[in-house]
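A short worksheet on the structure shown next.
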Amino acid sequence: MKFTELGLNEALLKAIKRSGFEEATPIQAETIPLALAGKDVIGQAQTGTGKTAAFGLPLLQQLEKQHNSIQAVVIEPTRELAIQTQEELFRLGREEKAHVQVVYGGADIGRQIRSLKHHVPAILVGTPGRLLDHLKRKTINLDEVKTVVLDEADEMLDMGFIQDIESILNYAKNRKQTLLFSATMPKPILHIGEKFMNDPEIVRIKAKELTADLIDQYFVRAKESEKFDIMCRLIDVQGPDLALVFGRTKRRVDELTHGLQARGYNAAGIHGDLSQARRMAVLKRFRAGKLDILVATDVAARGLDISGVTHVYNYDIPQDPDSYVHRIGRTGRAGQNGISVTFVTPNEIGYMRTIEQLTKKKMSPLRPPTDDQALRGQLKQAREQIEDLLKGDLSKYEDDANELLENYSALDLVSAFLKNLAKDSTAIKVKITPEKPLPFKGDGRRHRRGGNRRHFDHGKKNYRHGGKRREGGRRNDRGHRGRGNGHDFVIKNKKD
Ligand SMILES: Nc1ncnc2c1ncn2[C@@H]1O[C@H](COP(=O)(O)OP(=O)(O)OP(=O)(O)O)[C@@H](O)[C@H]1O
Ligand SMILES: [Mg+2]
């Protein structure tokens, strides 16, 4: 559907055009008119289908200019997601100079307070902990707030966050509208949400599957001790542009990161024990394509929108099927294709089946690559590297090259060069400490990370974080991607 048919004003239509969005996605087409009409809305749609703009555009349109108070609050479960959402709202509201501010833990609260005092934002985006902190200090006032959005609503209303959310909603007692969005919305959680809402409209974008259509989902059966070598080989063969690797614990993330680095991959890890500055720096490098592989703990999965993630490797299978949906949803976004590979040890088959029941999609079995296939993958990348090198100025090397060519055949020289570039990645031994899965209890849906999550905002606890197919995937070329095939909206190029 066209954005022009949704009742949005000229300024927003201009911003939409500038963002390169051509058509509204189904969740946008259905929820924008409802939200503009002032209704409470619960919106559920697959990952990467533009839910941020679905709530963001009506928020922006409903702002009253010259109003020196906070008019809308968007609550996000993680700092990085809060920042990302603030940026998207700022971009969409640029024409009308909408003032959108973000507050999150791990950042200097004094500076946030000064900035809030200096210029009261029309829209405030924040993580629950930091929002409450400001509310208790009376450095923000939500009396005039008309709309509250819970992004990743099921996560927000789950045990870890619910108390904080209730408190924040109590502060925003004069609100006229509550909006809930997520890719997953288990019934019990939805009922909790309805208690805070006024006769909400529930919009579920009916898709055959809960997971995004454009993700090819695979699994590899492997013993715990085999997983790392197999993953390296898969990376060699599949040649992801940008890959996310999910590990179960912080230790796992650290070990996987070091192991990948030892084998020459351009990888970095991110989890809650790292400083906020470090987390942001790693994410920035990954977003800019300066890092090929980001290793993360599970909590990072939700909401992060990083263009060009082609592969998601679940080094450890998620024990909560909802988090599987969010994890693999970091790829296959906005019309691009993606691949996910989930490692399953023999005693984790139960988890896999529960995931498949939720997603209504079977993962296809993938065989571990053979030595020969891995070498071929390495050679393919080596050739691409050589092609890149040939584009540079090589004049400095000509004398030595000529000398070598006098003594050896060109064939031998090139072969030696290839041998050096295409190393067998598994030759360097890496030991990853085994991590036991939680015992499988038959229903993975809600026995999960529990109360700790409320503390992500405070820095110490577990941190949540968060294409092209394998043919033609090149590591160092993530600039401009083709149009997604068969999807109903058009890719936006993030770099525009
Ligand atoms: N109508 C559109 N056409 C093309 N691209 C769009 C459109 N709307 C949003 N996008 C882009 O699609 C990407 C994914 O959007 P967004 O992050 O809002 O997805 P989401 O549905 O919130 O996913 P998740 O469930 O993972 O949070 C973003 O880069 C966004 O700018
Ligand atoms: Mg989102």
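Bear in mind that the values in this text are calculations on the coordinates, not laboratory data. The shown structure was predicted, so the numbers you read here are calculated from the model rather than taken from an experiment. Cβ sites come from the backbone with ideal geometry, for glycine too, and all protein chains shown count toward neighbours.
If you plug the beta carbon distance of Asp400 and Gln276 into 1/(1 + (r/R0)^6) with R0 = 45 Å, you get a FRET efficiency near 0.40. The string of couplings for segment 369-377 from the Karplus curve (6.51, -1.76, 1.60, θ = phi - 60°) is x, 7, 3, 5, 5, 5, 4, 4, x Hz, one whole number per residue in order, with x for Gly and Pro. When the chain is described by a simple charge dipole with +1 on each Lys and Arg Cβ and -1 on each Asp and Glu Cβ, the residue from Ala172, Leu260, Thr47 located farthest towards its positive end is Ala172. Placing R0 at 25 angstrom, the Cβ-Cβ distance between Asn266 and Asp424 gives a FRET efficiency of 0.90 after rounding to 0.05. Distance from the alpha carbon centroid of segment 169-242 to that of segment 340-358 works out to 16 angstrom.
Placing +1 on each Lys and Arg Cβ and -1 on each Asp and Glu Cβ, with no other charges, gives segment 19-80 a dipole about its Cα centre of roughly 160 debye.
Restriction of the trypsin sites (Lys or Arg not before Pro) in segment 33-72 to DSSP coil positions whose beta-carbon has at most 14 other beta-carbons within 10 angstrom yields Lys65. Using the charge dipole of the chain (Lys, Arg: +1 at Cβ; Asp, Glu: -1 at Cβ; taken about the Cα centre), state which of Gly308, Leu124, Tyr218 has its Cα farthest towards the positive end. Going by the charge dipole, the pick is Leu124. Rounded, prolate or oblate: which fits segment 220-318, taking a ≥ b ≥ c as square roots of the Cα gyration tensor eigenvalues, rounded meaning a/c under 1.5, else prolate when a/b beats b/c? Because a/c hits 1.5 or more and a/b exceeds b/c, segment 220-318 counts as prolate. Protection proxy ranking, highest mean first, for peptides 25-35, 235-245: 235-245, 25-35, where packing is the per-residue count of other beta-carbon atoms within 10 Å, averaged. Converting the Cα gyration tensor eigenvalues of segment 173-239 into ellipsoid dimensions via √(5λ) gives semi-axes, longest first, of 42, 14, 12 Å. Listed by chain and number, the lysines placed with their C-alpha closer than 26 angstrom to that of Lys136 are Lys117, Lys146, Lys173, Lys176, Lys195, Lys460, Lys461; residues fewer than eight positions away on the same chain are left out.
For segment 343-397, the set of trypsin sites (Lys or Arg not before Pro) satisfying both a DSSP loop assignment and a count of at most 16 other C-beta atoms within 10 Å is given as Lys360, Lys361, Lys362, Lys391.
Take the Cα of Ser167, step 7 Å toward its Cβ, do the same at Asp199, and the gap between the two points is 3.3 nm.
Computing Rg and the Kirkwood Rh from the Cα coordinates of the chain gives a ratio, Rg/Rh, of 1.00.
Extents of segment 234-381, largest first, come to 39, 38, 33 Å (Cα atoms, principal axes, whole angstrom). So what is the relative contact order of segment 3-204, in percent, for Cα pairs below 8 Å that sit 6 or more residues apart? Relative contact order here is 27 percent. Between rounded, prolate and oblate, where does segment 326-408 land on the alpha carbon gyration tensor, with a ≥ b ≥ c its root eigenvalues, rounded for a/c under 1.5, else prolate if a/b exceeds b/c? The shape class here is prolate.
Of the chymotrypsin sites (Phe, Trp or Tyr not before Pro) found in segment 390-432, none is in coil by DSSP with at most 10 other Cβ atoms within 10 Å of its Cβ. Each of Leu169, Leu179 was scored by other Cβ atoms within 10 Å of its Cβ. Arranged with the fewest first, they read Leu169, Leu179. Give the Debye-formula value of log10 I(q)/I(0) at each listed q (0.14, 0.18, 0.19, 0.20 Å⁻¹), with one equal scatterer per alpha carbon of segment 1-158, two decimals each. The computed values of log10 I(q)/I(0) come out as -0.67, -1.11, -1.23, -1.35.
For Ile202, the residues whose modelled amide H falls within less than 5 Å of its own, excluding neighbours fewer than 5 places apart on the same chain, are Ile42.
Stretching the chain fully between Arg18 and Arg383 yields a gain of 127.7 nm (0.36 nm per residue, less the alpha carbon separation). Here the label points at Leu390 and Arg111, each 7 Å from Cα along the C-beta direction, are separated by 4.8 nm in the simple model.
Dipole size of the chain about its Cα centre, with +1 on Lys/Arg Cβ and -1 on Asp/Glu Cβ: approximately 1100 debye, rounded to the nearest 20.
Remark: segment 3-204 carries a charge dipole of roughly 760 debye about the Cα centre, counting +1 on each Lys and Arg Cβ and -1 on each Asp and Glu Cβ. Each residue of segment 304-316 was assigned a 3J(HN,Hα) from its phi angle through the Karplus expression (A = 6.51, B = -1.76, C = 1.60, θ = phi - 60°), giving 5, 10, 10, 6, x, 6, 9, 9, 10, 10, 8, 4, 10 Hz with x at Gly and Pro. Between Asn68 and Glu144, residue separation times 0.36 nm minus the direct Cα-Cα distance comes to 26.4 nm. Highest mean first, the peptides 340-352, 422-434, 321-333 sorted by other C-beta atoms within 10 Å per residue fall in the order 321-333, 340-352, 422-434.
Once the Cα-Cα distance is subtracted from the 0.36 nm per residue extended length, the Val414 to Lys431 segment shows a gain of 2.8 nm. Among DSSP beta bridges whose residues both lie in the chain, state the antiparallel percentage, nearest 5. Of those bridges, close to 0 percent are antiparallel. Have a look at Gln101, Gln66, Ser19 and report the one farthest towards the positive end of the charge dipole of segment 1-113, computed about the Cα centre with Cβ charges (Lys/Arg +1, Asp/Glu -1). Result: Gln66.
3J(HN,Hα) along segment 212-220: 4, 4, 8, 9, 7, 9, 10, 9, 10 Hz, from the Karplus curve 6.51 cos²θ - 1.76 cosθ + 1.60 with θ = phi - 60°, whole Hz, x for Gly and Pro.
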